[in-house]
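The values are calculated or read from the model by the stated rules, or taken from the named source; none is laboratory data. This structure is a prediction, so every number in the text was calculated from the model and none was measured. Because the Cβ atoms are built from the backbone with ideal geometry, glycine has one as well, and the counts that use them run over all protein chains shown.
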Amino acid sequence: MAGFVKSKNVVITQAQGSQVIQNHVRDIFNYACVTVRANAVELACLTTNITTTQLNSQIEYDALVSLETTANKVFILTRTINGVETELGSAYSGMANQPYGITNLAYDTDSDSTMGQNKIQFIDSPNVASGITITYKLKMYGDDAGNININHTITDAAGTSYERATSNVRLTEIGGTPVNNYTMTDVTINSFFVMSTGTANNLVINPSGVTLYTGLEFRIMLNLTNTSSIVTVTHTPSGLTYPLKMPSASGLINVPVGALLAGNIITVIFDGTYYQAINGLPSVWE
C-alpha cells in the first residue's frame, strides 16, 4: 500500500492581461499658449485617467493629436498619482530659451488652413499597486501666446481648405503581477493503492493505519471478478463495510455483473455512504 498527495498548496493564478483606455476627442477646442515653461498649458480635452489592475504594471501612452498653431512649440507629458505630478520623457534642457519637451510640434508652412498630426508615445513605469488611478496630461508651451486649435485649423471657416479632424489618447496597461491569486493552503487529496482480498462480491482492503473519511480515494487491484451487482467494500482498519456504486445519468447505481475484472485496477472514492467507482469499469468507461 502506498499513498501520495495529489494536490497541496495549490495556487491558481489569473493570467496576465491588459486593459485599454481610449479618449477619443471629436469636438474642437482652443487653448491660449504660454511662453513660460513652468506654466505650460494643459490640453485638458486630452487628459486621460487609468486605474491599474496589476501590481507594478507599465502604462503605454499613445496619442495622436490633430491641431494647428504657430511654430516653435513643444509638448510636455506628465503623470499624476495622488496629487503628485511627474514629467515624463522630456528632452534634457538645452541652451537658454530653447523650448524642450517630449516632442515638438509638427509644423508646416501653412499656418492658417492645414493641421498637423502629432504623435506622442511613451512607456511609463509608475511602480504602483493595483487599484491606483493615474492621470496623464499633455501640455504645450512655446515662443508665442498664439491659440492652440485642437481638431481644427486656425481659420475655422467653410470651404475645402479648412479641415477638421479628431484626436485620440490610448492608455494600455501591460505586464505587472496579477492580483487575483487564490491560494488554497494545505488542500490535500490522499490516494492509496491497495490489493483487494475477500470474496468476488466483497472487496476487502487493508490500508494499514489509514483512517476512513469522506473524500478518501483508493486505487484497488481486484483479485476476483464480481458475480453479483451487489458489491461491498470492507475497510479493515475501521472494520466498516459500505456498498460499492457507480455514477450514472440517473444517479448512483449498482455495478454490473462482471464489470469488476480480476487483475484490473479501479479507482473509488468514499463519499460517507458509499464507495463510488469513478474509473476502471470496462462496461462504463470504454
- Which of the residues belonging to the range 188-227 are within 20 Å of Thr273 (Cα to Cα), out of contact with any Leu (no Cβ under 8 Å at 6 or more places or on another chain) and assigned to a loop (DSSP other than H, G, I, E, B)? Ile189, Asn201, Asn206, Pro207, Thr211, Tyr213, Thr214, Gly215, Leu216
- If you go through the range 249-262 one residue at a time, do you hit one that is under 21 Å from Phe193 (Cα atoms), touching a strand residue (DSSP E or B) at 6+ places or on another chain (Cβ under 6 Å) and part of a strand (DSSP E or B)? no
- Message: Need the failing condition index for Thr234 against (1) polar (S, T, N, Q); (2) buried (at least 17 other Cβ atoms within 10 Å of the Cβ); (3) not in a strand (DSSP E or B), just the number.
- Response: (3)
- Query: Would a scan of the range 263-279 turn up a residue that is over 47 Å from the mean Cα position of the chain (by Cα), assigned to a loop (DSSP other than H, G, I, E, B) and modelled with pLDDT of 90 or more?
  - Reply: yes
- Between a first residue in the range 75-95 that is in a loop (DSSP other than H, G, I, E, B) and a second residue that is surrounded by 11 or more Cβ atoms within 10 Å (Cβ to Cβ) and of a type in the set (Gly, Ala, Ser), which pairs have beta carbons less than 8 Å apart while being 6 or more apart in sequence or on different chains? Ser90/Gly101; Ala91/Gly101
